[in-house]
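J.: Take a look at the following structure, please.
Any read-out appearing in this document is the output of simple, stated calculations on the displayed coordinates, not a laboratory observation. Keep in mind that this is a model prediction, so the values were computed, not measured. Using ideal geometry, Cβ is built from the backbone for each residue, glycine included, and neighbour counts are taken over all protein chains shown.
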Amino acid sequence: MKERYGALRTIASLHKGIAVIALLVGGIGVAAAIQGLASWIAGAFVAVAALALALMLWAAAESILVVIDIEANTRRAADALEAGRRPSA
């Protein structure tokens with residue numbers, strides 16, 4: 001069966017990629033703060049902000065994928081009911 005919603009899958013992948021980049025940039029910011037280039041408060045803020053951003057982006061990507069999976073399961077159940085058989089798990 002052909003995969004549906006290729007654009008949404010691409011958007012979810014981009015969200016996950018940007019989340020990883022945000023964590024890497026946050027790590028660099030924390031390393032810079034530890035080496036004394038900024039105050040430790042700024043380093044802590046960067047770490048928390050990067051983690052929060054990464055988690056939100058990853059959650060958005062997973063939400064998109066869950067909605068796609070729900071649609072696929074609903075379509076499969078509707079097709080099974082239309083054919084007069086019990087939907088498979």
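J.: For region 32-51, check the following and say yes or no: at least one residue is in contact (Cβ under 8 Å) with a residue 24 or more places away in the chain and part of a helix (DSSP H, G or I). Steps first, please.
T.: Within region 32-51, the first condition is being in contact (Cβ under 8 Å) with a residue 24 or more places away in the chain, and the residues that meet it are 50-51.
Remaining after also requiring part of a helix (DSSP H, G or I): 50-51.
So far as region 32-51 goes, yes, one or more of its residues are in contact (Cβ under 8 Å) with a residue 24 or more places away in the chain and part of a helix (DSSP H, G or I).
J.: Give me a count of the residues in region 1-34 that are among the basic types (Lys, Arg) and either under 12 Å from the mean Cα position of the chain (by Cα) or surrounded by 13 or more Cβ atoms within 10 Å (Cβ to Cβ) (or both). Show your work before the answer.
T.: Of region 1-34, the ones among the basic types (Lys, Arg) are 2, 4, 9, 16.
Restricting the remaining residues to those that are either under 12 Å from the mean Cα position of the chain (by Cα) or surrounded by 13 or more Cβ atoms within 10 Å (Cβ to Cβ) (or both) gives 9, 16.
Summing the residues that are among the basic types (Lys, Arg) and either under 12 Å from the mean Cα position of the chain (by Cα) or surrounded by 13 or more Cβ atoms within 10 Å (Cβ to Cβ) (or both) in region 1-34 gives 2.
J.: Specify the residue that is nearest to GLY17 (Cα to Cα); the eligible residues are those in region 62-76 that are surrounded by 12 or more Cβ atoms within 10 Å (Cβ to Cβ) and charged (D, E, K, R).
T.: Filtering first and then ranking leaves GLU62.
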